[in-house]
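As structure tokens, the structure follows; a few thoughts come after it.
What follows draws every value from the coordinates through simple rules; no lab data is involved. Because the structure is predicted, anything quoted here is derived from the model rather than measured. Every residue, glycine as well, gets a Cβ built from its backbone with ideal geometry; the counts of neighbours run over all protein chains shown.
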Ligand code: SF4
């Protein structure tokens, strides 16, 4: 099982696709590091996100308490607070990872994220961590028609720097406080994801081949098609919001609250009737999100489905090296 801890709704950026910064949490109402002790043991992955997690002065304590609960821990950040980030990595080293959100090349990034010199700060954070020998680091890019043209360039930049490259696309939900994300040219966005999928599939890393499948799922999302695999959040993964609420996801129009860790133990929430009722809502949910938090567990659970697609399309690339490549759609 995986978890995503939203440690704050405070943010120093003003991203075009997310209005969370206009609805910050009060720092004194955000859950304390001690609440992390209530998470279940044996998680396969914890993502710490926000808002901007490094705005929390006690982020180190949150990480320290979350680490024993999980095999892997990655922080999502806009990368602005280089010094604070470095201090955390000096303390935890390669026990943790980071994805820095970069929405495009410098001018586009700073405009889309509403943060002066954001690209410079993000890049400095990443290069410093790289220099420290931190392995699990990379870019995260949220793609829409406003920055789809930069996608392949950023992928190549990440590659040249030896960094991971995570992609996402815009969603509308309570978490983002918006219903206004639209694609003016959904086909251009979908094709940008497909192009990256081809590049990922050409590499020699199996991890990248499955990322290619994930990017094909993003292309489906951009085209308004159904998810390629069923969504089982609330079973495979959960979120904790800054108030301590346990939720299945951050993609719904209204928060689907299973319970609150200030009032209940995790097991009582997870096995309680409220959680069951929410799992039934998830089973009938029409939203068709395709975010890594809900897609990765679904891909792992039905690994044969992406594996078959990878095998078929990888072989095709190997056999037709000189032709322009067109991958099979997924989820057909
Ligand atoms: S599709 Fe899944 S992740 Fe999206 S809102 Fe529905 S239940 Fe949540």
* Mind checking the full-extension length gain between residue 22 and residue 159? Use 0.36 nm per residue of separation minus the Cα-Cα distance, one decimal, nm. => 45.9 nm
* Asked: Given C-alpha coordinates of region 167-221, what is the ratio Rg to Rh with the Kirkwood estimate of Rh?
  -> 1.08
* Rg(Cα)/(2.2 N^0.38 Å) for region 240-305, N = residue count -> 1.20
* Against the rule of thumb 2.2 N^0.38 Å, how large the Cα Rg of the chain comes out -> 0.96
* Structure fact -> Given a Förster distance of 45 Å, the FRET efficiency implied by the Cβ-Cβ spacing of residue 58 and residue 283, rounded to the nearest 0.05, works out to 0.75
* To do: Multiply the residue gap between residue 300 and residue 319 by 0.36 nm, knock off their C-alpha separation, and tell me the result in nm, one decimal place.
  => 4.1 nm
* Asked: Top mean-square fluctuation among 163, 154, 35, Gaussian network model of the chain, C-alpha springs under 10 Å?
  -> 35
* So for 80, 175, fewest C-beta neighbours within 10 Å to most, what's the order? -> 175, 80
* For the chain, what does -39500 (n - 2.57) per DSSP helix run (n ≥ 4), summed and divided by total residues, give at 222 nm, in deg cm²/dmol to the nearest 500? -> -11500 deg cm²/dmol
* Structure fact -> Per its Cα gyration tensor (rounded if a/c is under 1.5, else prolate when a/b beats b/c, else oblate), region 155-248 is best filed as prolate
* Asked: Over the chain, what is the mean sequence separation of C-alpha contacts under 8 Å (at least six apart), divided by residue count, expressed as relative contact order in percent?
  -> 17
* If packing is taken as the mean number of other Cβ atoms within 10 Å per residue, what is the order of 287-296, 259-268, highest first? -> 287-296, 259-268
* Structure fact -> The residues 171, 23, sorted from fewest to most surrounding Cβ atoms within 10 Å, come out as 23, 171
* To do: For a quick protection proxy, order the peptides 186-197, 300-311 by their average other-Cβ count within 10 Å, most packed first.
  => 186-197, 300-311
* Taking 0.36 nm per intervening residue step and subtracting the Cα-Cα distance, what contour gain separates residue 152 from residue 90 on full extension? -> 19.1 nm
* To do: Return an integer: the convex hull volume of the alpha-carbon atoms of region 176-332, in Å³ per residue.
  => 123
* Asked: So what are the three principal axis dimensions of region 64-171 from its Cα atoms, in whole Å, longest to shortest?
  -> 40, 25, 25
* Among 43, 126, 318, determine the one that fluctuates most according to a GNM of the chain built with springs between C-alpha atoms less than 10 Å apart. => 318
